[in-house]
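S.K.: Sharing a structure, written as structure tokens. Questions coming.
All of the numbers you see were taken from the coordinates with simple rules; none came from a lab. On a predicted model such as this, the values are computed, not experimentally measured, just so you know. Here Cβ is always computed from backbone atoms with ideal geometry, including for glycine, and neighbour counts include all displayed protein chains.
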Ligand SMILES: [Zn+2]
């Protein structure tokens, strides 16, 4: 299972939990397929991680100063993400009930 680090929270996890952003000649784009050419970085599909990444780590990761247009595009994507802190469904909620001690 390929693993990548979220540039927002610095957690390493499976690629499928992350969204790739890529530096292209047209600017920094979201790359849902993960196949676009260019320097890429990975961010959790969580609102807070995008907010954090846009504060600076994305510039560092992509070695580019993101433009106002890029920022707007990424912010629009961020605004559509869930705001929950934990995107993985905890199985304890299923296993925790009905267990005998
Ligand atoms: Zn993260």
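S.K.: Once you put a point 7 Å from the Cα of residue 15 and another 7 Å from the Cα of residue 83, both along the Cβ direction, what distance in nm separates them?
M.R.: For residue 15 paired with residue 83, the spin-label model returns 3.3 nm.
S.K.: With no solvent and one point per C-alpha, what does the Debye sum give as log10 I(q)/I(0) for the stretch 3-87 at q = 0.26 Å⁻¹?
M.R.: Computed log10 I(q)/I(0) values: -1.50.
S.K.: Right, next: Place the peptides 48-54, 37-43, 7-13 in order of packing, highest mean first, counting for every residue the other Cβ atoms within 10 Å and averaging per peptide. Provide the component values of the computation, followed by the final result.
M.R.: Values: 48-54: 20.4, 37-43: 18.9, 7-13: 16.0.
The peptides rank, most packed first, as 48-54, 37-43, 7-13.
S.K.: Can I ask one more? Given R₀ = 30 Å, what would the calculated FRET efficiency be for residue 35 paired with residue 76, taking r from the Cβ atoms and rounding to 0.05?
M.R.: 0.85
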